[in-house]
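One structure is given here, and the rest of the page talks about it.
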Amino acid sequence: MGVLAERYQQSLDFLFGRLNYERMGSSKYSTQDFKLSRMEELLNRLGNPQNRVPTIHVAGTKGKGSTSVMMAEMLSAAGYRVGLFTSPHVTRYEERILVNGQQLEPEELVELVSELSQVVVQMDQAENGLSPTFFELTTALAWMQFARQSVDFAVMEVGLGGRLDSTNVCSPLVTVITNISYDHTALLGNTIEQITREKAGIIKAGIPVFSGVTQPEAIAVLEEISQEKQAPLYLMQRDFSGTSVEAAEVPVLSAATGLPCQQVEVQTPWSRLEQIPVSLLGAHQAINATLAVTVLDYLRQQGVEIPLDLLRKGMADLKWPARIELVQKQPPVVLDTAHNGASIQALVDTLSAGFTEPDRVLIFAVTRDKDVQEMLRALLPHFQTVILTQYLSNPRRIPVEELHEITRSMQEEIGDTSELVVTTSPEAAWSRARSEATDKTLICVTGSFFIAAEMRELLLGKTDEVLLSGTC
């Protein structure tokens, strides 16, 4: 191993050696473990790089990653230097921190972690015990890199909730809340109102808020907090809207799938933006696109130059791994990170609308603390074969034997007759799916980020090249 490779691995070991809530069930921690004072102290010791980065701050239950990458791609296509911070990663840690779509180089990561670690050692040794976590360090690295690269904009996706998230120490240009549904209820609350209040914790005094929420109880919370903060609030279907439209005579092809893009027409409070291509699959992505385009149209009104043709180009060129991602065409293989009821339903709707293959095989693995029954209730009726498995990279997985019992119970409850297959690894699951596939088969992998990531690496390796030809 060369010197750089060794130092690179040491840097990753340092980061992943910190307290990492992504690898812990929610029963092991509570909101008391999240302290913005710790993040503020860390950034202060680093010279407050977040204050040198114009930020778009994005929260929400689902769609926040897709909406974030859409905004980043449109701004980048318009010629700006754009940072994008998202989580978790699918294949490589560096996916979390992008500048104009480019990941950190190994030497950049080594340099940044070297600077960061000196501060962390000091904080670990402090009497008040402010030892930063994995996610806090990752958030700090993002702002350090974005400040170093002098980005024009940084799009920062909230990790969990909003109010206590480590990204919530910035003074953003715009605040975005994509939507609200049930997830992480042990931490965020058991009602839409409680969850909305946590997400709305990112709203800042006087800073415009754009939201795709639709539930009356969620809207009421946003209106209350926005009024308290005197923050202008723009709501989907009230202040802006999107309509799916027929593609132009010569359709725009998606960079993500090679298929014709769906297109939307977006009516913002200021403009009508027509023939906006949406390269990602699913009607829900048209909703995310409507929100993203509206935010950028607001920036246009503030003097940010974003030509409409370049905005369209950014949307058509967009790729986003493992978000209803078509990684193979013959037979079609779809990977998705859906891990709650709402995102599973969006996946099912997309498969029903976009694929005609009558034989459907599901590869399913899931994380503890998720509503597995709700996910299975939506999934089971749409698949003839269900291959249960477990991912290997994270201890939060539900063991496949336990998942089998849960699935059999759900089958009995809803009268489902899908064939159940039990496998102990993604590789074994894929082998079984491949052996059953014909030219009339659709294979779908879903249930968690972790199964999507492990299956994606199994199929594609550590590349982003989609297998748009060839067979199983």
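So which of K62/K313; K62/K329; K64/K199; K64/K319; K35/K370 end up more than 18 Å apart, counting from Cα to Cα?
Details: K62/K313 24 Å; K62/K329 26 Å; K64/K199 11 Å; K64/K319 15 Å; K35/K370 24 Å.
Table pairs above 18 Å Cα-Cα are K62/K313; K62/K329; K35/K370.
Please get the size of the charge dipole for region 299-373, origin at its Cα centre, with Cβ charges of +1 on Lys and Arg and -1 on Asp and Glu, quoted in debye to the nearest 20. Numbers along the way, then the final one.
Details: 9 positive and 10 negative charges, 30 e Å.
Here region 299-373 has a charge dipole of around 140 debye.
Taking all protein chains as present, what is the carbon and sulfur share of the accessible area of the chain, in % to the nearest whole number, probe 1.4 Å? Working shown, then result.
Working: 8860 of 19020 Å².
Of the solvent-accessible surface of the chain, carbon and sulfur hold 47 percent.
Which value at 222 nm does the chain reach when only helices count, each DSSP H run of 4 or more adding -39,500 (n - 2.57), with the total divided by all residues and rounded to the nearest 500 deg cm²/dmol? Mind dumping the intermediate values first?
Working: 15 runs with 187 residues, N = 472.
-12500 deg cm²/dmol, from helical runs alone.
Report, largest value first, the span of the C-alpha coordinates of region 264-368 along each principal axis, in whole Å.
Each principal axis gives a Cα extent; for region 264-368 these are 49, 33, 20 Å.
Over 14 Å, how big is the tail of the calculated P(r) for region 32-71, in percent of all Cα pairs? Before the final figure, lay out the partial values.
Working: 492 of 780 pairs.
When every Cα pair of region 32-71 is considered, 63 percent fall beyond 14 Å.
Work out, in µm²/s and without decimals, the Stokes-Einstein translational diffusion coefficient of region 50-101 at 4 °C, 1.567 mPa s, Rh from Kirkwood over C-alpha pairs.
Values: Rh = 11.7 Å.
Translational diffusion coefficient: 111 µm²/s.
Can you pull the Kirkwood radius for region 72-163, inverse mean 1/r over Cα pairs, to one decimal in Å?
Details: mean 1/r = 0.0709 Å⁻¹.
For region 72-163, inverting the mean 1/r across all distinct Cα pairs yields 14.1 Å.
Any chance you could list the semi-axes, whole Å, largest first, of the equivalent ellipsoid that the Cα gyration tensor gives for the chain, using √(5λ)?
On the way: eigenvalues 214, 157, 105 Å².
Working from the Cα gyration tensor, I get semi-axes of 33, 28, 23 Å.
Residue by residue through region 55-67, which ³J(HN,Hα) values in whole Hz follow from phi under the Karplus form 6.51 cos²θ - 1.76 cosθ + 1.60 (θ = phi - 60°), with glycine and proline marked x?
10, 10, 9, 10, 10, x, 7, 9, x, 6, x, 5, 4
Take the Cα pairs of region 352-470, get the Kirkwood Rh, then feed it into Stokes-Einstein at 37 °C and 0.692 mPa s and tell me D in µm²/s.
Calculated translational D: 223 µm²/s.
With +1 on each Lys and Arg Cβ and -1 on each Asp and Glu Cβ, and nothing else charged, work out how big the dipole of the chain is about its Cα centre, in Debye to the nearest 20. Kindly include the intermediate steps, with their values, before the conclusion.
Details: 39 positive and 58 negative charges, 95 e Å.
Dipole magnitude for the chain comes out near 460 debye.
If you average the sequence gap of Cα pairs under 8 Å that are 6 or more apart and divide by the length of the chain, what percent do you get for the contact order?
Details: 941 pairs, mean separation 72.1, N = 472.
Relative contact order, the chain: 15 percent.
I'd like the projected area of region 151-273, averaged over all directions, using the convex hull of its alpha carbons. Report it in nm² with one decimal. Numbers along the way, then the final one.
Values: hull surface 39.4 nm².
About 9.9 nm², averaged over all directions.
Could you give each residue of region 334-340 its phi-based ³J(HN,Hα) in whole Hz, using Karplus coefficients 6.51, -1.76, 1.60 with θ = phi - 60°, and x for Gly or Pro?
My calculation for region 334-340 gives 10, 10, 8, 8, 3, 8, 8 Hz in order.
Answer with one residue from I195, S271, P426: the one whose Cα lies farthest towards the positive end of the charge dipole of the chain, charges on Cβ with Lys, Arg +1 and Asp, Glu -1.
S271
How large is the accessible surface per residue of region 205-355, computed with a 1.4 Å probe and reported in Å² as a whole number? Don't skip to the end; give the middle numbers.
Details: 6090 Å² over 151 residues.
Value for region 205-355: 40 Å² per residue.
Based on C-alpha coordinates, I'd like the Rg and Dmax of region 367-415, in Å.
Cα only, region 367-415: 11.0, 33 Å (Rg, Dmax).
Using θ = phi - 60° and the Karplus curve 6.51 cos²θ - 1.76 cosθ + 1.60, what whole-Hz ³J(HN,Hα) does each residue of region 40-49 get, with Gly and Pro shown as x?
For region 40-49, the Karplus curve yields 5, 5, 4, 5, 4, 5, 8, x, 6, x Hz.
The values are calculated or read from the model by the stated rules, or taken from the named source; none is laboratory data. Just so it is clear, the model here is predicted, and its values are computed rather than measured. Every residue, glycine among them, receives a Cβ derived from its backbone with ideal geometry; neighbour counts consider all protein chains shown. To get the accessible areas, we keep the full protein, side chains included, count just its heavy atoms, and leave off ligands, DNA and RNA. Shrake-Rupley method; radii C 1.70, N 1.55, O 1.52, S 1.80 Å.
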